1. Quick check, is VAL60 in a loop (DSSP other than H, G, I, E, B), in contact with a strand residue (DSSP E or B) (Cβ under 7 Å, 6 or more places away or on another chain) and either surrounded by 10 or more Cβ atoms within 10 Å (Cβ to Cβ) or not β-branched (Val, Ile, Thr) (or both)?
2. For the stretch 1-34, enumerate the residues that are among the β-branched types (Val, Ile, Thr) and in contact (Cβ under 8 Å) with a residue 24 or more places away in the chain.
3. Any residue that is in contact with a strand residue (DSSP E or B) (Cβ under 7 Å, 6 or more places away or on another chain), aliphatic (A, V, I, L, M) and loosely packed, with under 12 Cβ neighbours inside 10 Å - is there at least one of those in the stretch 19-31?
4. Considering only the stretch 1-34, state which residues are closer than 18 Å to ARG62 by Cβ, among the β-branched types (Val, Ile, Thr) and part of a strand (DSSP E or B).
5. Restricting the first residue to the stretch 39-63 and requiring it to be closer than 30 Å to GLY90 by Cα, which pairs with a second residue that is among the small types (Gly, Ala, Ser) and at pLDDT below 95 meet a Cβ separation below 6 Å and a spacing of at least six or different chains?
6. So how many residues does the stretch 73-88 have that are surrounded by 12 or more Cβ atoms within 10 Å (Cβ to Cβ), outside any helix (DSSP H, G or I) and in contact with a Phe, Trp or Tyr (Cβ under 7 Å, 6 or more places away or on another chain)?
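The values are calculated or read from the model by the stated rules, or taken from the named source; none is laboratory data. Computed from a predicted model, the values in this text were never measured in an experiment. Here the Cβ positions follow ideal geometry from the backbone for every residue, glycine too, while neighbour counts run over all protein chains shown.
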Amino acid sequence: MPLQAGLGNAYVEYASPDGSIQETLHDSMGVIEPSTNVQMRIFRWVGLVAGAGWWAPVFVNRTVRKELSGPIFYLRGKLFLNDLVAVVRGRERLFPQKGLRRE
């Protein structure tokens, strides 16, 4: 199972009805994100990735952890650079027809 982890700072801004902004103190926090994904190639050089997981803050108090924990979902595009370079250099066609016809 893929696992991402990170460290950083977090704070909260509150906007009042009168237009003033109040900011909490900056506090260190960590994040652990176990997730799973699937990948599908559309062409040899480009694909789609979809996944789901859980976002879990660490090194923060229980109230903040409860508010920020939750499921995540994502969809992203992916370029396969080795295959794209082969297309750009002319060694392969941009949209090959391999496997579509009986030979």
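1. On the way: in a loop (DSSP other than H, G, I, E, B): yes; in contact with a strand residue (DSSP E or B) (Cβ under 7 Å, 6 or more places away or on another chain): yes; either surrounded by 10 or more Cβ atoms within 10 Å (Cβ to Cβ) or not β-branched (Val, Ile, Thr) (or both): yes.
It is true that VAL60 is in a loop (DSSP other than H, G, I, E, B), in contact with a strand residue (DSSP E or B) (Cβ under 7 Å, 6 or more places away or on another chain) and either surrounded by 10 or more Cβ atoms within 10 Å (Cβ to Cβ) or not β-branched (Val, Ile, Thr) (or both).
2. Taking the stretch 1-34 and keeping what is among the β-branched types (Val, Ile, Thr), we get 12, 21, 24, 31-32.
Listed by number, the residues that qualify are VAL31, ILE32.
3. The first filter runs over the stretch 19-31 and keeps only residues in contact with a strand residue (DSSP E or B) (Cβ under 7 Å, 6 or more places away or on another chain), leaving 21-23, 26-31.
Those left that are additionally aliphatic (A, V, I, L, M): 21, 29, 31.
With loosely packed, with under 12 Cβ neighbours inside 10 Å added as a condition, the list becomes 21.
Yes: the stretch 19-31 contains one or more residues that are in contact with a strand residue (DSSP E or B) (Cβ under 7 Å, 6 or more places away or on another chain), aliphatic (A, V, I, L, M) and loosely packed, with under 12 Cβ neighbours inside 10 Å.
4. If the condition is that a residue be closer than 18 Å to ARG62 by Cβ, among the β-branched types (Val, Ile, Thr) and part of a strand (DSSP E or B), then VAL31, ILE32 are the ones that fit.
5. Within 6 Å, the pairs are GLN39/GLY47; MET40/GLY47; ARG41/GLY47.
6. Within the stretch 73-88, residues that are surrounded by 12 or more Cβ atoms within 10 Å (Cβ to Cβ), outside any helix (DSSP H, G or I) and in contact with a Phe, Trp or Tyr (Cβ under 7 Å, 6 or more places away or on another chain) number 1.
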